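Here's the structure we're looking at; comments come further down.
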């Protein structure tokens, strides 16, 4: 009996040590969280700070986030000022040297990416501009390749003992991405050059990847709420150019988009930048892109030929 008890104690202690050995990863947004899980597998525990239905620029920074960051081994953030308004104070409060900029445990995904829409000068009269360029680069699945590699490199640097596992997981995920990307491009190929309206300028990378035009916005300037005058301009443009689809994210005004759609015959389409922002895509970046591409292709197909 004593031998059995000793065995159980050793077994439980071993399980506890195994659980503790997992990398404790904090990701700012759900897309990075999904990639971290794909690359890390059962070697990581991933916590995502921002809700997938939350504006990534204006996250409700709870005190509990400081505790999570204090206990983390790795932080994954978008960078390029995506989390500028809320992450730095949390990091300061966490007092976790492992997550300091320049340390292996701090993975800033935007590093090494050529961003779109880098302003020649910062002029706040033009709305909420980002000095380093448009930070919504993860809407292009090709940039997820860069992101997953950055995450794998970070995990290997922090946890070299499991380098082979992280590399294997990365290669498996990239293979899935390649297969999916080819299918997505085929789905949207018939609509190359089509103009699609949006609430906010979140989609230039998605548009570039799939040959679309997504440059008409309900917002008059980034971060500025639509005015009646701006909505009038949008209405006239949609009618004149026969634009058939308006994409809107979970935290944006559905009422305004519905008003424009009702007067133009356009379809309002639920879009999201983050897994879980659209039902059925929780924790899965590829599932989110599947949903976006298939729903947009279906909406454009249904509207094709509509006067």
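A few points about this structure:
- Sorted by Cβ neighbour density within 10 Å, fewest at the top, the residues 174, 90: 174, 90
- Compared with the dominant Cα axis of the chain, that is its longest principal axis, helix 285-303 is turned about 20°.
- Inter-site label distance for residue 215 and residue 92 at 7 Å from Cα along Cβ, in nm: 4.0
- Simple label model, 7 Å out from Cα along Cβ direction - residue 131 to residue 258, nm: 4.1
- Relative contact order (percent, whole number), the chain, Cα cutoff 8 Å, 6+ residue spacing: 17
- Cα centroid separation, region 144-187 to region 254-280 (Å): 31
- The angle separating the long axis of helix 141-158 from the principal Cα axis of greatest extent in the chain is about 20 degrees.
- Length gained when the stretch residue 229-residue 189 is fully extended (0.36 nm per residue, less Cα-Cα span): 11.0 nm
- Proxy reagent accessibility, fewest Cβ within 10 Å first, across 217, 206, 58, 199: 58, 217, 199, 206
- Placing a label point 7 Å from the Cα of residue 242 along the Cα-to-Cβ line, the residues of region 191-210 whose backbone N sits under 20 Å from it are 191-198.
- Rg/Rh ratio calculated on Cα atoms of region 190-239 (Kirkwood radius): 1.01
- Mean sequence separation of contacting Cα pairs (under 8 Å, at least six apart), scaled by the length of region 94-193, corresponds to a relative contact order of 22 percent.
- Dividing the mean sequence gap of close Cα pairs (under 8 Å, 6+ apart) by how many residues region 145-251 holds gives a relative contact order of 21 percent.
- Computed from Cα atoms alone, the Kirkwood hydrodynamic radius reported for the chain is 21.0 Å.
- Ellipsoid semi-axes in whole angstrom, largest first, where each is sqrt(5λ) of the Cα gyration tensor of region 38-160: 25, 19, 13
- The ranking of 221, 62 from fewest to most other beta carbons within 10 Å of each one's beta carbon is 62, 221.
- In plain terms, the bigger the Kirkwood radius, the slower the diffusion; for region 183-303, with that radius from Cα pairs, at 10 °C and 1.306 mPa s, Stokes-Einstein puts D at 109 µm²/s.
- Taking label positions 7 Å along the Cα-Cβ direction at both residue 182 and residue 53, the computed distance is 3.7 nm, reported to one decimal.
None of the figures in this text is laboratory data; all of them are computed from the coordinates on show. Since the model is a prediction, treat every value here as computed from it, not as a measurement. With ideal geometry, Cβ positions are generated from the backbone for all residues, glycine too; neighbour counts draw on all protein chains shown.
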